[in-house]
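Okay, structure first, notes after.
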């Protein structure tokens, strides 16, 4: 395809963005005085700051491009990722899990595993998380260079090194604080830079109703515009999945596994100034999460309509005879945006990539410093030394990400495995966390071996289906299933295996005395007091409203 | 003796600065496109999206800036 040409005004907007993020890194350095400031942003953020950062850490450009492309491929079922696949888990984190996390004064999620179980479970999860984070960070970097090369014609090496060096600079200067600041800037850039695509798409086609009507006319036997009404039979919906896979795999295991245990997002809540703000963090984020489909799903549906209208002249990019679904959003930007706005759209994507990179690196430097380096290599390290190590880990993490990005460039199919990577690490960890927080007789050895069994089984199931050692239908419980459906089901089995193994082994191994579990397990922890907080400021009130909005959206698009 | 660092400006102040500065660039390019329609031959260019979107961004940016011009955080 012909590259999108940038005018002077477009370059100026990109330059303003780079100036801002580097300037913010320099400005915040004076407020980053100790390890608490560097790794936890001083624990002084309001729930709004922590909440928007919590959401934005997940709202990367790869997700925006990928989910718009997935909507083109699978239809409106992709909205499940934003609604049932996120909101219940975020509410559960805020209401039930955050009191244990926050009150334990831990610096990372593996840190909770150390207190609740033992050192080996912490190190196992710490290593798995560090590897996963660097892998995802490198793949993100590669994806960014791929998008910039394909649509703007930019040089691979220049794109990767400039963005990596910028992220390294501002995270090294002021750690999580600058990562959070840039994530919030990214949030506003994404809305102001990309929502206009939806608005102009609606104007061109006529109305939102017209978009839905025209998609329905195109797909008469398979629904692309509903959420649940065609989920009893996988052959009736674009994602080729049943409601069981959506509820158990995505809505329960993958969603709860990611939103309640992935340190990349949970770290933002740890930076909140008090327990109420920490509990409000994911609940406030849930409202904004529910709004994201108004960018990605809508633009995906707009792309379907335009691509099937010969008069529109719109067609997705073909790579080697295969449709590049991720090209939908950049092509719509090129279609509607004049000079100036193109720069804004490109900057929104760049910000998404770079803030995602910074999020991964700030989570990595914390887990490396506390859960691997301080826990295994240098137990006597001083606070000043840990701060220094955090900065070193940032630079080394970025360099490893660059190596991973070059590796991904020579092995591009690695991008197809992103969802699978999450199901290897997060799905079983959610079983361990759930049992650890809510069942006091779960033992440290059972947790370790259960987690190992869950991670191992998820990886083995992936290989077994990939190389046809077993029939994929055994996992998905249906005759037809998409790759997405297989991911959802594999996550469910990994969770179940970890859950069952942990419970069974707990009957035969030694439990921790109750006095060591105070503040870490339900039943041994005083209930959160909301006394003195008016009802309209309580996290529970916002959680109820969030759930009501979720129910309304699901009924409306049933 | 080392001077105590100043109090930090909130993130919302920087959001306001960024939106208004980027909005100004978008608005100016919208004005240029308006006066020379050959520059921007995009679909729906007759609606001049850069012009009014630039105004929206500047307005949003100014709201953030004004609301936080005197605010600091610990």
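The values are calculated or read from the model by the stated rules, or taken from the named source; none is laboratory data. Note that the structure is predicted; figures quoted are calculated from it, not measured. Every residue, glycine as well, gets a Cβ built from its backbone with ideal geometry; the counts of neighbours run over all protein chains shown.
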Open item on the list: I'd like to check something: does the range A:148-157 contain any residue that is farther than 30 Å from residue B:74 by Cα, surrounded by 21 or more Cβ atoms within 10 Å (Cβ to Cβ) and away from every other protein chain (no Cβ under 14 Å)?
Closed with: yes
TODO: Might you let me know whether the range A:319-333 holds any residue that is within 14 Å of another protein chain (Cβ to nearest Cβ), modelled with pLDDT under 95 and over 22 Å from residue A:76 (Cα atoms)?
DONE: no
- [ ] Considering only the range A:20-35, state which residues are part of a helix (DSSP H, G or I), touching a helix residue (DSSP H, G or I) at 6+ places or on another chain (Cβ under 6 Å) and either over 17 Å from residue B:21 (Cβ atoms) or free of Cβ contacts under 8 Å to residues at least 40 places away in the same chain (or both).
- [x] A:25, A:28, A:29, A:35
- [ ] Can you give me the ranges of the helices (runs of 4 or more DSSP H) entirely in the range A:469-557 with at least 3 residues that are at pLDDT 85 or above and out of contact with any helix residue (DSSP H, G or I) (no Cβ under 7 Å at 6 or more places or on another chain)?
- [x] A:483-506, A:539-556
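Conditions tested, residue by residue: (1) buried (at least 24 other Cβ atoms within 10 Å of the Cβ); (2) within 14 Å of chain B (Cβ to nearest Cβ).
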{"site": "A:285", "(1), (2)": "yes, no"}
{"site": "A:312", "(1), (2)": "no, yes"}
{"site": "A:346", "(1), (2)": "yes, yes"}
{"site": "A:369", "(1), (2)": "yes, no"}
{"site": "A:375", "(1), (2)": "no, no"}
Task: Output for the range B:8-42, where each listed residue is touching a strand residue (DSSP E or B) at 6+ places or on another chain (Cβ under 9 Å) and more than 25 Å from residue A:186 (Cβ to Cβ) - done: none
Task: So residue B:26, is it modelled with pLDDT of 90 or more, farther than 22 Å from residue A:27 by Cβ and either within 8 Å of chain A (Cβ to nearest Cβ) or in a helix (DSSP H, G or I) (or both) - done: yes
Open item on the list: Looking only at the range A:50-86, how many residues end up being over 20 Å from residue A:267 (Cβ atoms) and either in contact with a strand residue (DSSP E or B) (Cβ under 7 Å, 6 or more places away or on another chain) or part of a loop (DSSP other than H, G, I, E, B) (or both)?
Closed with: 6
Task: Qualifying positions in the range A:348-363 - within 14 Å of chain B (Cβ to nearest Cβ) and within 21 Å of residue A:317 (Cβ to Cβ) - done: A:348, A:350
